[in-house]
Amino acid sequence: MEIQEKLAVDAFKNDTESHITLDQEKCMICRERFCIYACPAHLYELNEESRKMQVEFAGCLECGTCLIACIYGAVTWRYPRGEFGVQYRYG
Ligand code: SF4
Ligand code: SF4
(Lines give C-alpha, C1' and ligand atoms only; values in the text may rest on other atoms or scores of the structure.)
(Ligands and ions follow the chains in the order given, each with its own letter.)
Protein backbone atom coordinates (compact mmCIF):
# COMPACT_ATOMS: atom_id res chain seq x y z
CA MET A 1 0.00 0.00 0.00
CA GLU A 2 1.38 3.43 -0.97
CA ILE A 3 1.80 6.15 1.65
CA GLN A 4 -0.95 8.30 0.09
CA GLU A 5 -3.35 5.37 0.29
CA LYS A 6 -2.50 4.86 3.96
CA LEU A 7 -3.03 8.54 4.70
CA ALA A 8 -6.35 8.50 2.88
CA VAL A 9 -7.86 6.09 5.41
CA ASP A 10 -6.89 8.17 8.44
CA ALA A 11 -9.80 9.88 10.15
CA PHE A 12 -9.89 13.41 11.55
CA LYS A 13 -12.08 14.97 14.17
CA ASN A 14 -11.46 18.66 13.70
CA ASP A 15 -11.71 21.29 16.38
CA THR A 16 -13.19 24.70 15.61
CA GLU A 17 -9.97 26.49 16.54
CA SER A 18 -6.57 25.95 15.03
CA HIS A 19 -3.78 24.32 17.02
CA ILE A 20 -1.21 25.90 14.69
CA THR A 21 -0.48 29.61 14.42
CA LEU A 22 2.14 31.47 12.42
CA ASP A 23 4.08 34.63 13.16
CA GLN A 24 3.30 36.50 9.96
CA GLU A 25 6.05 39.06 10.54
CA LYS A 26 8.63 36.30 10.43
CA CYS A 27 6.95 34.62 7.49
CA MET A 28 7.01 37.91 5.61
CA ILE A 29 10.82 37.97 5.55
CA CYS A 30 11.24 34.22 5.05
CA ARG A 31 12.60 33.26 1.66
CA GLU A 32 13.08 29.54 2.20
CA ARG A 33 9.50 28.55 3.11
CA PHE A 34 10.64 25.14 4.26
CA CYS A 35 7.24 24.53 5.84
CA ILE A 36 5.65 24.15 2.42
CA TYR A 37 8.02 21.37 1.42
CA ALA A 38 8.32 19.72 4.83
CA CYS A 39 4.68 19.18 5.77
CA PRO A 40 3.76 15.66 4.63
CA ALA A 41 0.09 16.62 4.49
CA HIS A 42 0.75 19.68 2.29
CA LEU A 43 -1.10 22.01 4.63
CA TYR A 44 1.07 25.10 4.17
CA GLU A 45 0.73 27.52 1.30
CA LEU A 46 1.32 31.13 0.40
CA ASN A 47 -1.86 33.06 -0.26
CA GLU A 48 -1.16 34.67 -3.61
CA GLU A 49 -3.49 37.62 -2.97
CA SER A 50 -2.56 38.61 0.55
CA ARG A 51 1.02 37.28 0.30
CA LYS A 52 0.52 35.78 3.75
CA MET A 53 1.34 32.23 4.74
CA GLN A 54 -1.59 30.08 5.67
CA VAL A 55 -1.80 26.67 7.26
CA GLU A 56 -4.86 24.45 7.22
CA PHE A 57 -5.05 22.83 10.65
CA ALA A 58 -7.67 20.27 9.58
CA GLY A 59 -5.75 17.31 8.24
CA CYS A 60 -2.72 17.82 10.46
CA LEU A 61 -0.92 14.54 11.06
CA GLU A 62 0.54 15.84 14.35
CA CYS A 63 4.05 14.91 13.28
CA GLY A 64 5.67 18.16 14.45
CA THR A 65 7.80 18.45 11.30
CA CYS A 66 6.83 22.06 10.64
CA LEU A 67 8.15 23.08 14.05
CA ILE A 68 11.57 21.74 13.17
CA ALA A 69 11.53 22.82 9.53
CA CYS A 70 10.86 26.48 10.27
CA ILE A 71 14.27 27.96 10.99
CA TYR A 72 12.69 31.28 12.03
CA GLY A 73 10.62 29.91 14.88
CA ALA A 74 7.46 31.27 13.32
CA VAL A 75 5.36 28.19 14.05
CA THR A 76 3.47 27.82 17.30
CA TRP A 77 2.14 24.31 17.54
CA ARG A 78 0.36 22.32 20.20
CA TYR A 79 -1.59 19.11 20.14
CA PRO A 80 -5.29 19.51 19.37
CA ARG A 81 -7.57 19.50 22.38
CA GLY A 82 -8.62 16.17 23.83
CA GLU A 83 -10.65 13.95 21.48
CA PHE A 84 -9.76 16.10 18.46
CA GLY A 85 -7.16 15.48 15.80
CA VAL A 86 -5.99 12.57 13.70
CA GLN A 87 -6.92 8.95 14.21
CA TYR A 88 -4.36 6.76 12.49
CA ARG A 89 -5.51 3.58 10.81
CA TYR A 90 -2.31 2.30 9.22
CA GLY A 91 0.39 3.97 11.32
S1 SF4 B 1 6.36 29.16 8.85
FE2 SF4 B 1 8.59 29.39 8.93
S3 SF4 B 1 9.34 28.36 7.06
FE4 SF4 B 1 7.15 28.75 6.78
S5 SF4 B 1 7.07 30.73 5.71
FE6 SF4 B 1 6.88 31.14 7.92
S7 SF4 B 1 8.97 31.57 8.59
FE8 SF4 B 1 9.11 30.54 6.59
S1 SF4 C 1 2.50 18.85 12.41
FE2 SF4 C 1 3.08 17.74 10.53
S3 SF4 C 1 1.17 17.45 9.39
FE4 SF4 C 1 0.77 19.00 10.97
S5 SF4 C 1 1.08 20.94 9.90
FE6 SF4 C 1 3.04 20.40 10.90
S7 SF4 C 1 4.20 19.26 9.33
FE8 SF4 C 1 2.07 19.35 8.65
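The values are calculated or read from the model by the stated rules, or taken from the named source; none is laboratory data. The shown structure was predicted, so the numbers you read here are calculated from the model rather than taken from an experiment. Here the Cβ positions follow ideal geometry from the backbone for every residue, glycine too, while neighbour counts run over all protein chains shown. Ligands, DNA and RNA are excluded from the accessible area calculation, which covers all protein heavy atoms including side chains. Shrake-Rupley method; radii C 1.70, N 1.55, O 1.52, S 1.80 Å.
Remarks
- Scanning the range 33-42 for residues being more than 9 Å from the chain's Cα centre (by Cα) and either open to solvent by 90 Å² or more (accessible area, probe 1.4 Å) or more than 15 Å from ligand 2 (Cβ to nearest atom) (or both) gives a total of 2.
- Taking each residue of the range 38-50 that is without any contact (Cβ under 8 Å) to a residue 60 or more places away in the chain and looking for partners that are open to solvent by 50 Å² or more (accessible area, probe 1.4 Å) and in a loop (DSSP other than H, G, I, E, B) with beta-carbon atoms closer than 7 Å, six or more apart or interchain, yields 40/63; 43/56.
- Residues of the range 54-91 that turn out to be of a type in the set (Lys, Arg) and open to solvent by less than 90 Å² (accessible area, probe 1.4 Å), as a count: 0
- Given (1) farther than 25 Å from residue 89 by Cβ; (2) open to solvent by 50 Å² or more (accessible area, probe 1.4 Å); (3) modelled with pLDDT of 95 or more, number of the condition residue 51 does not satisfy: (3)
- Single condition residue 60 does not satisfy, out of (1) in contact (Cβ under 8 Å) with a residue 60 or more places away in the chain; (2) closer than 22 Å to residue 2 by Cα: (1)
- Selection of the range 63-91 for residues being within 22 Å of residue 9 (Cα to Cα) and free of Cβ contacts under 8 Å to residues at least 40 places away in the same chain yields 63, 64, 65, 82.
- Residue match in the range 12-30 (condition: at positive phi, at pLDDT below 95 and open to solvent by less than 80 Å² (accessible area, probe 1.4 Å)): no
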